[in-house]
Amino acid sequence: MSPETISSVLRLSTEYLAAHGSESPRLDAERLLSKATGLERIELYMELDRPLTPAELGTTRELVRRRGAREPLQYVLGEWGFRRLTLTVDRRALIPRPETEILVDRALALVSGRERPRVLDVGTGTGAIALAIADEHPGAEVTAVDASAEALSLARENMERTGLPVTLVPWDLFQGLPAGPWDLVVSNPPYVDEEDLLTLEPEVREWEPKVALTATGAVEAVVRGAAETLAAEGALALEVGEGQARGTAELLEQLGLVDVRITPDLAGIDRVVEGRLP
Ligand SMILES: C[S@@+](CC[C@H](N)C(=O)[O-])C[C@H]1O[C@@H](n2cnc3c(N)ncnc32)[C@H](O)[C@@H]1O
């Protein structure tokens with residue numbers, strides 16, 4: 001029997017993943033094989049005829065089996081890129097999304113004129129937003145809170161992994177926000193409506209923490225908490241779900257925030273709402 005080569009394993013893995021519901025089976029197979037062999041994706045194609053060692057084959061089979069069970073690719077790989085950082089990702093917290101990079105863009109713009117802004121990230125999960133701000137605005141003094149002890153333990157690992165300074169605090173956003181005054185409150189709160197949970201892909205619905213997806217009233221609680229704890233001229237930037245931006249912007253205005261603005265994500269969905277106290 002001829003040995004399994006990179007080429008044949010790529011083909012078989014792609015077929016298996018396609019049959020098990022992956023929307024990007026070839027790409028998934030390439031990334032999993034890269035992880036199992038330590039080769040870059042481009043290197044796989046330069047060594048298509050190379051046989052896999054028994055250990056590489058065993059690892060690939062296990063990774064492909066996990067992905068075939070609809071575990072998110074990011075959890076199977078164990079790490080994922082966010083802005084300039086590579087973060088550890090696993091079931092303890094939500095996988096950082098591309099649209100949240102746009103939230104970070106707006107957050108950085110809102111504190112760009114300040115040398116040492118005091119920043120609060122509400123519902124930090126992996127720590128993605130807090131760490132990206134600490135990375136890209138080195139003067140920022142960043143505090144990050146989450147009600148999930150598991151998420152905070154993952155955020156701590158990512159803080160150690162990146163070497164970026166963030167103060168992590170266990171905190172329930174429904175009790176208000178930690179006393180400021182904050183120059184910026186930034187948050188990607190749980191914003192999926194409870195009744196929409198069943199419409200999500202199995203990767204999200206069955207693998208990501210429910211507490212990261214849905215918590216009725218979280219968006220409003222963050223806005224109200226921010227209005228009470230922001231410094232004069234302090235800013236708020238929030239990620240919201242499809243159809244929620246206009247209502248959230250109106251709430252900011254009702255609470256006296258000015259320069260209220262909505263930014264769409266790359267799919268054209270109104271995604272980030274911001275404003276600041278006068
Ligand atoms: C949508 S996830 C965002 C994670 C991360 N900031 C990101 O953007 O990838 C929402 C986060 O809010 C946290 N959370 C849910 N309910 C909370 C509450 N009552 N108080 C504080 N954090 C909460 C969840 O644990 C989760 O980490």
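The values are calculated or read from the model by the stated rules, or taken from the named source; none is laboratory data. Because the structure is predicted, anything quoted here is derived from the model rather than measured. So basically every Cβ, Gly included, is an ideal-geometry build from the backbone, and we count neighbours across all protein chains shown. Heavy atoms of the whole protein, side chains included, go into the accessibility calculation; ligands, DNA and RNA do not. Shrake-Rupley method; radii C 1.70, N 1.55, O 1.52, S 1.80 Å.
Just checking, does segment 99-106 include any residue being within 15 Å of the ligand (Cβ to nearest atom), surrounded by fewer than 20 Cβ atoms within 10 Å (Cβ to Cβ), under 13 Å from the mean Cα position of the chain (by Cα) and not hydrophobic (A, V, I, L, M, F, W, C)? Yes, segment 99-106 contains at least one residue that is within 15 Å of the ligand (Cβ to nearest atom), surrounded by fewer than 20 Cβ atoms within 10 Å (Cβ to Cβ), under 13 Å from the mean Cα position of the chain (by Cα) and not hydrophobic (A, V, I, L, M, F, W, C). Per the listing E228, E239, E233, the residue uniquely open to solvent by 60 Å² or more (accessible area, probe 1.4 Å), touching a Pro at 6+ places or on another chain (Cβ under 9 Å) and modelled with pLDDT of 95 or more is E233. Scanning segment 153-193 for residues that are open to solvent by less than 20 Å² (accessible area, probe 1.4 Å) and among the hydrophobic types (A, V, I, L, M, F, W, C) returns L154, A155, V166, L177, W182, L184, V185, V186.
With segment 111-194 as the region, which strands (runs of 3 or more DSSP E) entirely inside it contain at least 2 residues that are over 19 Å from the mean Cα position of the chain (by Cα), aliphatic (A, V, I, L, M) and away from the ligand (no atom under 15 Å from the Cβ)?
Values: elements: 118-122, 141-146, 167-170, 182-187.
Because the criterion is at least 2 residues that are over 19 Å from the mean Cα position of the chain (by Cα), aliphatic (A, V, I, L, M) and away from the ligand (no atom under 15 Å from the Cβ), no strands (runs of 3 or more DSSP E) in segment 111-194 meet it.
Screening I95 with (1) outside any helix (DSSP H, G or I); (2) out of contact with any strand residue (DSSP E or B) (no Cβ under 7 Å at 6 or more places or on another chain); (3) open to solvent by less than 20 Å² (accessible area, probe 1.4 Å) gives one miss only, at (2). Name the residue, out of L85, L52, L10, that is surrounded by 17 or more Cβ atoms within 10 Å (Cβ to Cβ) and more than 28 Å from E201 (Cβ to Cβ). Testing whether each residue is surrounded by 17 or more Cβ atoms within 10 Å (Cβ to Cβ) and more than 28 Å from E201 (Cβ to Cβ) leaves just L52. The set of residues in segment 221-256 being farther than 18 Å from I269 by Cα, part of a helix (DSSP H, G or I) and away from the ligand (no atom under 12 Å from the Cβ) consists of V223, R224, A226, A227, E228, T229, L251, L252, E253, Q254.
Please verify whether R156 is closer than 21 Å to G234 by Cα and touching a residue at least 12 places away in the same chain (Cβ under 8 Å), treating the condition exactly as stated. Steps first, please.
Values: closer than 21 Å to G234 by Cα: no; touching a residue at least 12 places away in the same chain (Cβ under 8 Å): yes.
It is false that R156 is closer than 21 Å to G234 by Cα and touching a residue at least 12 places away in the same chain (Cβ under 8 Å).
Scanning segment 262-278 for residues that are without any contact (Cβ under 8 Å) to a residue 60 or more places away in the chain and either in a strand (DSSP E or B) or within 23 Å of R118 (Cα to Cα) (or both) turns up I262, P264, D270, V273, G275, L277, P278. Candidates T216, T199: the one that is within 13 Å of the ligand (Cβ to nearest atom), hydroxyl-bearing (S, T, Y), open to solvent by 30 Å² or more (accessible area, probe 1.4 Å) and farther than 18 Å from I129 by Cα is T216.
On the given criteria, is P54 touching a Gly at 6+ places or on another chain (Cβ under 9 Å) and away from the ligand (no atom under 11 Å from the Cβ)? Let's see the steps before the verdict.
Details: touching a Gly at 6+ places or on another chain (Cβ under 9 Å): no; away from the ligand (no atom under 11 Å from the Cβ): yes.
When the stated conditions are applied, P54 does not pass them.
Looking for something open to solvent by 40 Å² or more (accessible area, probe 1.4 Å) and either in contact (Cβ under 8 Å) with a residue 24 or more places away in the chain or over 24 Å from L177 (Cβ atoms) (or both) - is there at least one such residue anywhere in segment 120-133? For segment 120-133, residues open to solvent by 40 Å² or more (accessible area, probe 1.4 Å) and either in contact (Cβ under 8 Å) with a residue 24 or more places away in the chain or over 24 Å from L177 (Cβ atoms) (or both): absent.
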